[in-house]
Amino acid sequence: MPVSPPIAVPAPADPFRRAEFWILAGLLFVLPLFEAPKNILWLLYVLVWLGNRARSRDFGGPWDAWDTLIAVWIASAAVTAAFAGLHDKEWNGAVDLLRYGSVVWLLKRSRFDERELAILFGALATGAVGALAHAYWRLEVTGQRRFLELNSVGFVNHSAIYLAILLGAAVSAVAAYWYRLRSSMRAAAAMLLALFTVSLFVTLSRTAIGVALALVVLLGIAWWRRARRVTLATILITAAVVVVALVARVEVVKKHDDRIAEGNVLAFRAQVWNTARAVWQRFPLFGVGMDNYNVVEHEDIRQWRAEAGKPFDEASFKLNTGHAHSLYYNTLAERGVVGFAVLVAVLLAWAWRLMRCYPGRSGDDRAWALWGGALSGWFVSVFAGVGNTTLHHEHALLAVTLLGLWLGDGQRSS
């Protein structure tokens with residue numbers, strides 16, 4: 001098998017474009033690590049990107065359907081904030097969508113060579129390794145945290161979502177480039193995948209773990225037409241992980257058994273979703289505003305139910321959760337039908353593009369790695385989103401970064 005040469009730092013002739021690239025790499029590195037640098041680098045990346053494109057008068061090609069969809073997605077956040085049923089932090093929430101919406105748009109209109117893509121993927125991976133080292137230190141050494149949480153990502157379920165997406169992207173990249181890697185790089189790649197997998201189990205997030213394992217199997221099946229050894233390897237390794245987890249009765253298995261014994265398999269999510277439905281029914285078009293779910297109180301629900309002529313059983317509702325523990329219920333509650341319709345349009349367009357642009361037998365390594373990354377962002381966002389609020393802050397940025405890199409590469413090759 002051919003062996004790739006060592007990855008070198010790209011050196012574009014234009015120093016401003018070089019600065020743009022390294023700002024982006026820095027953003028991807030600090031994404032799970034530091035809050036303030038993440039926000040600063042995002043804003044700097046947007047400004048430098050726009051400045052560079054204005055100088056060159058090249059904004060990455062003609063306007064297309066994806067540009068329109070992304071623009072509508074960003075605008076929907078502003079519209080729902082302007083007409084929010086409650087007023088508190090709705091504009092902060094709208095800025096979050098502006099942040100990740102702008103990133104996917106800029107990446108879609110950017111072009112990277114293979115070495116640059118390797119550096120960007122490396123920035124994501126090394127940033128996550130650094131964040132995990134810090135998370136394990138706080139969990140096992142200082143005892144500052146009860147759960148494994150990436151510093152900037154925060155809450156354990158959100159950290160698990162981030163790791164699930166990154167695991168899928170890493171599996172895709174490793175599968176695509178495995179035959180080109182030296183033995184030492186193969187060992188490092190295997191260790192990285194093992195770290196992400198073990199860390200997912202340490203988070204104890206049943207949804208994220210189940211979705212991540214299903215994603216790895218799906219990625220393996222997708223490889224059937226190109227390399228059946230990849231399909232068999234992913235299925236066998238995933239099966240071995242599941243068997244070991246069940247036989248060893250790891251903590252997440254015990255947690256699930258405890259939930260069953262308590263009669264609380266969904267961990268109060270049914271009550272949380274009842275609350276989200278009640279909020280949406282009160283503000284059906286625009287919701288209460290992004291990031292305003294946590295300002296709703298039991299007395300508000302009681303009053304709204306009474307106004308609608310519906311009964312209120314306090315035990316059937318649960319608040320003080322910050323969000324609705326579901327991408328779909330949370331979107332309905334915070335952005336109403338308007339925001340929900342736009343979200344569904346984005347997810348369907350994403351899925352349609354994935355099906356239409358499946359690399360198949362003729363796809364090259366680069367196409368397979370980027371397609372698998374985009375699939376990982378979509379799959380985890382959609383299916384983990386049933387029981388957790390995905391497409392939110394850092395894991396939203398990760399998911400749309402993988403989408404944007406893939407969309408941009410498709411335009412390059414079209």
Of the residues Val216, Val242, Val171, which single one is open to solvent by 50 Å² or more (accessible area, probe 1.4 Å) and either part of a helix (DSSP H, G or I) or over 24 Å from Trp406 (Cα atoms) (or both)?
-> Val242
Report yes if Phe21 is open to solvent by 30 Å² or more (accessible area, probe 1.4 Å) and not polar (S, T, N, Q), otherwise no.
-> no
Checked against (1) more than 28 Å from Leu285 (Cα to Cα); (2) at pLDDT 95 or above; (3) open to solvent by 30 Å² or more (accessible area, probe 1.4 Å), Arg145 satisfies every condition except (2)
Note: among Ala160, Ala188, Ala194, Ala133, just one is touching a residue at least 24 places away in the same chain (Cβ under 8 Å) and assigned to a helix (DSSP H, G or I), namely Ala160
Among (1) farther than 30 Å from Arg225 by Cβ; (2) under 22 Å from the mean Cα position of the chain (by Cα); (3) open to solvent by less than 30 Å² (accessible area, probe 1.4 Å); (4) at pLDDT below 95, the one test that Phe317 misses = (2)
Out of the range 275-318, which residues are closer than 20 Å to Val156 by Cβ and not in a helix (DSSP H, G or I)?
-> Asp291, Lys318
Kindly provide the set of residues from the range 322-333 that are open to solvent by 10 Å² or more (accessible area, probe 1.4 Å) and in a helix (DSSP H, G or I), ordered by number.
-> Tyr328, Tyr329, Asn330, Leu332
Evaluation of Leu163 against (1) open to solvent by 50 Å² or more (accessible area, probe 1.4 Å); (2) within 20 Å of the chain's Cα centre (by Cα) (one fails), failing number | (1)
Kindly provide the set of residues from the range 275-289 that are in contact (Cβ under 8 Å) with a residue 40 or more places away in the chain and aliphatic (A, V, I, L, M), ordered by number.
-> Ala276, Val279, Leu285, Val288
Could you say which residue among Val272, Val253 is open to solvent by less than 60 Å² (accessible area, probe 1.4 Å), in contact (Cβ under 8 Å) with a residue 24 or more places away in the chain and either of a type in the set (Val, Ile, Thr) or part of a helix (DSSP H, G or I) (or both)?
-> Val272
Restricting the search to the range 283-326, which residues are of a type outside the set (Phe, Trp, Tyr), out of contact with any Ser or Thr (no Cβ under 9 Å at 6 or more places or on another chain) and closer than 17 Å to Asp88 by Cα?
-> Val288, Asp291, Asn292, Val295, Glu297, Asp300, Asn320
Output for the range 69-122, where each listed residue is among the small types (Gly, Ala, Ser) and either surrounded by fewer than 17 Cβ atoms within 10 Å (Cβ to Cβ) or not in a helix (DSSP H, G or I) (or both) = Ala71, Ala75, Ala78, Ala82, Ala84, Gly85, Ser110, Gly122
How many residues of the range 38-58 are surrounded by fewer than 15 Cβ atoms within 10 Å (Cβ to Cβ) and more than 22 Å from the chain's Cα centre (by Cα)? The answer is 8
Report yes if Trp371 is at pLDDT 95 or above, crowded, with 21+ Cβ neighbours inside 10 Å, touching a Pro at 6+ places or on another chain (Cβ under 8 Å) and not polar (S, T, N, Q), otherwise no.
-> yes
All positions within the range 197-213 that are in a helix (DSSP H, G or I) and either among the hydrophobic types (A, V, I, L, M, F, W, C) or free of Cβ contacts under 8 Å to residues at least 12 places away in the same chain (or both) | Val198, Leu200, Phe201, Val202, Ala208, Ile209, Gly210, Val211, Ala212, Leu213
Do we have Leu347 as under 30 Å from Ile301 (Cβ atoms) and surrounded by 24 or more Cβ atoms within 10 Å (Cβ to Cβ) here?
-> no
Reported set for the range 110-138 where residues are among the charged types (D, E, K, R) and touching a Lys or Arg at 6+ places or on another chain (Cβ under 8 Å) is Arg111, Glu114, Arg138
Tally, over the range 290-325, of residues that are over 19 Å from Thr390 (Cα atoms) and either polar (S, T, N, Q) or free of Cβ contacts under 8 Å to residues at least 40 places away in the same chain (or both) = 19
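The values are calculated or read from the model by the stated rules, or taken from the named source; none is laboratory data. Quick caveat: nothing in here was measured; it's all calculated off a predicted structure. We place every Cβ from the backbone using ideal geometry, glycine too, and count neighbours over all the protein chains shown. Ligands, DNA and RNA are stripped out before the accessible areas are found, and what is left, the full protein with its side chains, is counted by its heavy atoms. Shrake-Rupley method; radii C 1.70, N 1.55, O 1.52, S 1.80 Å.
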